[in-house]
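Engineer: The structure that follows is given in the form of structure tokens.
The values are calculated or read from the model by the stated rules, or taken from the named source; none is laboratory data. Predicted, not measured: the structure shown is a model, and the values here were computed from it. Here the Cβ positions follow ideal geometry from the backbone for every residue, glycine too, while neighbour counts run over all protein chains shown.
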Amino acid sequence: MLFYEYSFIFLFLPATLTVHFLLPASARNGWLFLTSCVFYSASSLAFLPILLLSVALDYLLGRSIHQAASLRARKAWLCASVALNLGLLGFFKYAGLITRTLSDLTGSSVIPVLDVPLPVGISFYTFQSMSYTIDIFRGQASPARSLVDFGAFVTLFPQLIAGPIVRYDQMDRELRDRRVSVDGFAEGARFFVLGLAKKILLADSAAALADPLFALQEPGFCAAWASVLLYSFQIYFDFSGYSDMAVGLGKMIGFEFPQNFNSPYKATSFSDFWKRWHMTLSRWLRDNLYVPLGGNRQGPVRTQWNLLLTMLLGGLWHGASWNYLVWGAYHGGLLALERALGTRNVLLRLPCPARAVIVFVCVSVGWVFFRCGDLAHSVVWLGALLSPGTLGASISWNTWVTCILLLGIVWLMKNSWEWKARFGWPENALVTCGFIASVVVALGKGSSPFLYFQF
Amino acid sequence: MAPSRGKTSFLWVLGIAWAVLFALSWISRSPFFRHWELLREGIVAFRPLTQLEMPACGDLGRNSHISELQYWRRLRFTTDELGFRNLEGASWSRFVVVGDSFVVGSGIDDSETIPVVLSRVLGEPVTNYGCVAGLGPLAYLADTRSRELPPGVVVWAPAYRVVEPVPLGTASVKKPCETTERGAPSQNPFSRWIGSWGSVGEEITAWKMLIEERSTLTCLARSMFHEVYWWFAGRPWEIRAIEVDGLPALVLTLEAQGLSAGPEARRLQETVEGIEQFKRSVSARGSRFVFAPIPDVGTIYEDHYPESDRGGLASPPFIELVFRALVSRGVACVDLRPALRESRLPYLYLRDDTHLSPRGAEQVGRALAGAVRTVLASER
């Protein structure tokens with residue numbers, strides 16, 4: 001079930017909200033746990049037991065860590081939790097890639113290629129679940145009151161499938177006691193509608209123009225650039241739209257989820273970009289990977305290595321493919337280079353808009369690895385991007401107009417979080433029209449699934 | 001603190017919009033497009049023991065959103081107890097045609113499919129084993145009946161663009177065994193349990209689609225969307241209109257039919273080995289095997305495409321290479337191109353669809369009947 005589908009907007013959501021508000025506060029977490037399982041089942045019923053198993057084991061391991069008398073025992077329980085979560089993630093996500101690569105390398109059929117179907121949202125819920133036990137180990141969070149509370153935290157339907165990745169201590173208070181005001185509900189509804197419009201009206205429009213371009217056998221210079229720009233907009237509006245919907249749904253039931261995107265294409269450096277793009281994942285990787293590796297405390301060379309390794313693993317988190325690994329290395333390399341140059345970085349001498357353009361172009365080029373199915377295809381695309389001599393097929397006017405419009409939106413307009421809560425008639429009418437248009441377009445065309453569902 | 005007036009009025013306005021859209025969605029109309037094709041059972045076949053009768057237009061007509069090129073017709077779609085498109089008495093017989101949507105008979109009536117034509121010509125039942133895309137061999141080999149009651153002749157008739165490496169393993173599909181072995185439940189409790197959960201999911205999906213597809217809201221949305229979106233984004237890039245016999249016909253580009261890809265891109269070696277392996281498995285169970293791929297429109301009406309499209313055609317055609325390799329390995333092949341080219345006017349495909357028209361299916365069925373008779377004669 002996807003947030004823009006009829007069954008979600010007209011059936012699941014109203015039913016869930018109605019019962020949620022009718023129930024006493026003590027029963028609401030249980031209701032959310034139950035409905036989140038139903039929500040998950042509609043997408044991935046066969047994998048629900050794995051989700052529930054992960055929830056139950058991490059809940060028990062969290063308690064064990066908290067109750068353990070010695071540091072050694074706490075470490076052992078933490079290792080068990082990390083092994084469980086990474087084991088699940090590793091098996092379902094990477095077993096296919098590893099066995100295929102080994103099989104290709106050995107050139108024999110001795111090693112069977114495991115083609116394991118990927119449970120929806122596993123990358124997100126394992127990270128979220130793992131952060132709970134890590135936070136308890138560090139003393140930054142206390143154990144959940146009950147399995148139901150913890151179950152509601154991990155499986156909460158607004159963020160179950162594609163984040164934002166929320167730390168337990170951020171939600172602990174709301175799980176114990178939360179209130180929803182009319183104002184909060186209205187803000188949530190508006191966040192949801194804005195996210196819906198971003199996904200359906202902007203991201204899917206960009207996709208409709210980008211997909212035929214990416215299907216070209218021999219892209220020219222213009223087609224390659226147009227496709228890369230459009231895909232940059234598609235992935236941003238798609239994922240930030242999903243995040244806005246998640247934040248909005250959270251507000252509607254009394255949870256405050258963290259911001260996941262902060263106008264990333266306005267970033268003026270690569271480190272700035274990663275503070276604005278998929279912020280909850282960046283924070284997770286920083287707190288649980290980069291800092292434990294030593295962060296920037298062990299000299300410049302080690303810092304750059306840590307950055308590269310963190311981004312490599314961050315890339316691999318997105319999917320079991322060499323493309324994601326290269327994409328991670330590309331961003332890790334850019335971050336390491338930026339840090340190594342320090343004040344000698346020529347970018348710093350340029351005015352902010354020029355820096356934003358350069359960062360945007362570099363980030364867009366990186367998306368080639370995301371969009372192209374394999375490395376060979378990516379290389380063809382990168383070649384076309386760097387071959388101004390071969391203009392290739394002409395690009396229709398609406399492609400360029402769309403690029404300019406979307407560029408204007410990402411560079412000149414405020415994002416959903418900056419758009420302060422003005423609820424005058426013009427804003428209300430605009431958002432309502434956005435809702436109607438999004439529903440009509442989603443039903444009329446049938447939208448593509450959220451891009452981040454595949455991760 | 002009292003709620004702000006602006007936010008309260010926003011909720012009212014949004015709520016009214018929601019209620020209007022919701023009310024529209026519950027006014028039911030005929031299902032849109034070919035509803036039965038959405039009622040999949042697992043990934044192989046359709047919902048068992050179902051009979052639907054409804055108006056339908058072609059897939060290209062639907063996807064191109066050109067109402068003038070949508071030819072609506074009333075069709076019946078009936079499935080047997082395993083979800084294959086068979087009328088009573090034909091769910092398992094001496095002749096089995098394994099294939100994809102061409103064999104299923106997408107866009108044509110129960111009485112017009114290739115296996116039905118073949119059955120009429122041969123004078124005995126023929127089983128339609130049309131599955132999703134290239135999964136026919138996988139499903140067939142997983143079907144216990146192919147071992148216990150091997151048919152006399154198995155015809156593997158994929159569309160040209162589905163001639164690709166045949167998946168014969170079991171790891172890459174979810175539930176072919178459950179679908180095909182329903183008569184003999186699995187002894188493994190875990191797989192039975194997964195299967196029953198999976199079927200609940202199928203029910204939910206089917207129910208969800210039913211509501212979405214039948215609603216007035218969806219129909220209105222699609223009409224509005226047609227006007228606005230296609231003006232903006234253009235028609236789907238892979239659909240062309242050509243003229244055959246003085247009338248327009250919607251077709252896929254030659255590229256989308258896989259006709260411009262060479263042997264490497266289409267993995268000739270693996271394709272041939274996969275078909276040969278399927279043939280060996282079928283023969284080992286005691287059935288005769290015939291490979292009879294069904295040409296796509298681009299192969300039969302190539303000359304009706306614009307010159308610019310034809311420039312990229314692979315030469316020699318991929319199917320030619322497949323035939324050569326298979327014949328040299330002793331696999332019986334039927335080349336349907338001569339028969340279809342000879343009778344190509346009036347048009348053999350549906351004008352708003354990628355699939356064969358009743359006349360096209362008739363021609364293919366007759367050609368296959370000839371091939372089957374030859375196989376049977378050689379057996380004697």
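Engineer: I'd like the residue in the range A:1-11 that is facing chain B (nearest Cβ under 10 Å) and not small (Gly, Ala, Ser) and, out of all such residues, is surrounded by the fewest Cβ atoms within 10 Å (Cβ to Cβ).
Structural biologist: A:LEU11
Engineer: Name the residues in the range B:282-330 that are closer than 25 Å to B:VAL104 by Cα, among the hydroxyl-bearing types (Ser, Thr, Tyr) and over 24 Å from the mean Cα position of the chain (by Cα), would you?
Structural biologist: Correct list: B:SER283, B:SER287.
Engineer: Right, another one. Would you please name the residue that is modelled with the lowest pLDDT, looking only at residues in the range B:333-380 that are hydroxyl-bearing (Ser, Thr, Tyr) and within 22 Å of the chain's Cα centre (by Cα)?
Structural biologist: Looking at the filtered set, the residue picked out is B:THR354.
Engineer: Taking the range A:28-84, which residues are under 29 Å from A:PHE3 (Cβ atoms) and either charged (D, E, K, R) or not in a helix (DSSP H, G or I) (or both)?
Structural biologist: Within the range A:28-84, A:ARG28, A:ASP58 qualify.
Engineer: Also: Among the residues of the range A:428-445, which ones are out of contact with any Phe, Trp or Tyr (no Cβ under 6 Å at 6 or more places or on another chain), facing another protein chain (nearest Cβ under 8 Å) and not aliphatic (A, V, I, L, M)?
Structural biologist: Residues satisfying the conditions are A:THR432, A:PHE435.
Engineer: What about A:VAL19, is it of a type in the set (Val, Ile, Thr) and within 12 Å of chain B (Cβ to nearest Cβ)?
Structural biologist: No; evaluated as a whole, the condition is false for this residue.
Engineer: Return the pair list, or none, for Cβ contacts closer than 7 Å from residues in the range A:54-71 that are without any contact (Cβ under 8 Å) to a residue 24 or more places away in the chain to residues that are surrounded by fewer than 23 Cβ atoms within 10 Å (Cβ to Cβ) and part of a helix (DSSP H, G or I), at least 6 apart or on different chains.
Structural biologist: A:SER64/A:TRP77; A:ALA68/A:ARG74; A:ALA68/A:TRP77
Engineer: Further question: Which members of the range A:280-305 meet the condition of being under 20 Å from A:ALA340 (Cβ atoms) and assigned to a loop (DSSP other than H, G, I, E, B)?
Structural biologist: Within the range A:280-305, A:VAL291, A:LEU293, A:GLY294, A:GLY295, A:ASN296, A:ARG297, A:GLN298, A:GLY299 qualify.
Engineer: Looking for whichever is within 14 Å of another protein chain (Cβ to nearest Cβ), at negative phi, surrounded by fewer than 18 Cβ atoms within 10 Å (Cβ to Cβ) and without any contact (Cβ under 8 Å) to a residue 24 or more places away in the chain here; the options are A:ILE111, A:ILE50. Which one fits?
Structural biologist: A:ILE111
Engineer: Going residue by residue through the range B:293-309, is there one that turns out to be in a loop (DSSP other than H, G, I, E, B) and farther than 22 Å from B:GLY365 by Cα?
Structural biologist: yes
Engineer: When you go through (1) part of a helix (DSSP H, G or I); (2) crowded, with 24+ Cβ neighbours inside 10 Å; (3) within 14 Å of chain B (Cβ to nearest Cβ) one by one for A:PRO219, which number turns out not to apply?
Structural biologist: (1) is the only condition that A:PRO219 fails.
Engineer: Considering A:SER129, A:SER103, which residue is part of a helix (DSSP H, G or I), buried (at least 23 other Cβ atoms within 10 Å of the Cβ) and among the hydroxyl-bearing types (Ser, Thr, Tyr)?
Structural biologist: A:SER129
Engineer: Which is surrounded by fewer than 24 Cβ atoms within 10 Å (Cβ to Cβ), more than 18 Å from the chain's Cα centre (by Cα) and closer than 17 Å to A:TRP417 by Cβ, of A:ASP169, A:ASP183, A:ASP149?
Structural biologist: A:ASP183
Engineer: Show the residue pairs meeting these rules: Cβ distance below 6 Å; 6+ apart or different chains; first residue within the range A:365-389 and not assigned by TED's automatic domain parsing to the domain that holds A:TYR236; second residue buried (at least 17 other Cβ atoms within 10 Å of the Cβ) and polar (S, T, N, Q).
Structural biologist: Filtered contacts from the range A:365-389: no entries.
Engineer: Whether any residue in the range B:43-53 is surrounded by fewer than 22 Cβ atoms within 10 Å (Cβ to Cβ) and at pLDDT 85 or above is what I want to check.
Structural biologist: Checked the range B:43-53: no residue is surrounded by fewer than 22 Cβ atoms within 10 Å (Cβ to Cβ) and at pLDDT 85 or above.
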